[in-house]
Amino acid sequence: MRKVSELYRGKAKTVFVTEDANKLILEFRDDTSAFDGEKIEQLSRKGEVNNKFNNFIMQTLENKGIKTQLESLIDDTQSVVKKLNMIPVECVIRNYAAGSLCKRLGVEEGLALSPPTFEFFLKNDALHDPMINESHCASFGWATPEQISQMKSLTFAVNEVLSPIFEAGGMLLVDFKLEFGTDENGDIILGDEFTPDGCRLWDKETKKKLDKDRFRQGLGSVVESYIEVAARIGLDIG
Ligand code: C5P
């Protein structure tokens with residue numbers, strides 16, 4: 001598969017158009033950003049680690065019957081994905097309180113949430129990805145009620161598949177963010193990525209942070225932690 005032109009350059013990934021109108025190439029770069037791009041650094045090997053991590057998780061989800069955008073790995077930092085019409089909404093599920101939930105509601109970090117809390121955010125950097133609800137999605141045409149309900153149930157399904165996998169590796173899947181799109185048949189497909197950049201993972205015993213909060217909070221050993229997470233779920237990145 002050959003790249004034809006750059007379609008979109010995000011904060012950590014670049015999307016390329018290919019010779020096949022239905023396929024794109026996702027390149028995972030070493031760029032790491034936080035706080036709406038205020039903090040940006042290059043972390044050696046992060047692109048490779050996230051590309052391989054994402055491939056492993058998406059394959060795991062496919063095996064459990066959840067349709068994903070991922071087609072195949074091309075090399076260390078690039079994958080082929082199906083072209084989707086992305087829905088501009090981020091789906092966040094939280095098993096434990098952390099991050100913006102603690103700030104917003106004043107709850108203590110680590111509080112177990114049962115049932116898990118589900119939230120929608122609008123993908124809009126200029127507005128700092130504000131929290132939105134189903135009514136906003138319908139009124140502004142960001143997603144239909146049917147798409148909303150499918151994205152929500154797929155996010156819960158992903159949580160059901162992945163929580164036990166991380167648990168078996170001695171980790172808590174604290175929260176994560178997913179993005180969805182529609183394919184040429186209008187079916188909802190899981191897009192974007194699932195990597196430690198877009199989820200929170202804590203060691204079950206020590207509660208050590210193993211995800212992008214290491215970067216946000218300046219804790220160091222970011223990529224080393226991602227490699228450790230991968231190893232703990234059976235993926236040897238080396
Ligand atoms: O910041 P907040 O606590 O709302 O984030 C919830 C989860 O969603 C975290 O795992 C975070 O890494 C992820 N997230 C993301 N991209 C965003 C916002 C949140 O991956 N733009």
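The values are calculated or read from the model by the stated rules, or taken from the named source; none is laboratory data. On a predicted model such as this, the values are computed, not experimentally measured, just so you know. Here the Cβ positions follow ideal geometry from the backbone for every residue, glycine too, while neighbour counts run over all protein chains shown.
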Unique residue being at pLDDT 95 or above, surrounded by fewer than 23 Cβ atoms within 10 Å (Cβ to Cβ) and farther than 30 Å from K23 by Cβ when the list is D175, D203: D203
Only one of (1) within 26 Å of V17 (Cα to Cα); (2) away from the ligand (no atom under 16 Å from the Cβ); (3) in a strand (DSSP E or B) is not met by S114, so which one is it? (1)
Selected residue (criterion: farthest from the chain's Cα centre (by Cα)) from residues of segment 178-200 that are among the aliphatic types (A, V, I, L, M) and either closer than 16 Å to N63 by Cα or surrounded by fewer than 15 Cβ atoms within 10 Å (Cβ to Cβ) (or both): I189
Of all residues in segment 206-226, how many are away from the ligand (no atom under 13 Å from the Cβ) and surrounded by fewer than 22 Cβ atoms within 10 Å (Cβ to Cβ)? 9
Which residue pairs have Cβ atoms under 9 Å apart, sit 6 or more places apart or on different chains, and have a first residue in segment 115-130 that is outside the structural domain of L154 (by the TED database) and a second that is more than 11 Å from the ligand (Cβ to nearest atom) and not hydroxyl-bearing (S, T, Y)? none
So, restricting to strands (runs of 3 or more DSSP E) that lie completely within segment 36-106, which ones have at least 3 residues that are in the same structural domain as S149 (by the TED database), within 12 Å of the ligand (Cβ to nearest atom) and modelled with pLDDT of 95 or more? 85-96
Kindly indicate which of F156, F118, F140 is closer than 24 Å to G234 by Cα and aromatic (F, W, Y). F156
Out of all the residues in segment 213-225, is one or more under 25 Å from L84 (Cβ atoms) and of a type outside the set (V, I, T)? no
So the check is Cβ under 8 Å with 6+ separation or different chains; which pairs have a first residue in segment 202-226 that's farther than 17 Å from G99 by Cα and a second one that's polar (S, T, N, Q) and modelled with pLDDT of 95 or more? V222/T32; V223/S44; Y226/N50; Y226/T195
For E48, indicate whether it is surrounded by 12 or more Cβ atoms within 10 Å (Cβ to Cβ) and either of a type in the set (G, A, S) or over 20 Å from F194 (Cβ atoms) (or both). no
Single match in S79, S72 (criterion: over 26 Å from E119 (Cα atoms), surrounded by fewer than 16 Cβ atoms within 10 Å (Cβ to Cβ) and of a type in the set (S, T, Y)): S72
Among the residues of segment 138-161, write down those that are buried (at least 20 other Cβ atoms within 10 Å of the Cβ) and under 30 Å from T206 (Cβ atoms). T155, V158
Test for G170: is it under 23 Å from N54 (Cβ atoms), surrounded by 18 or more Cβ atoms within 10 Å (Cβ to Cβ) and not hydrophobic (A, V, I, L, M, F, W, C): no
If you check E146 against the conditions, is it farther than 14 Å from I188 by Cα, away from the ligand (no atom under 16 Å from the Cβ), charged (D, E, K, R) and not in a loop (DSSP other than H, G, I, E, B)? no
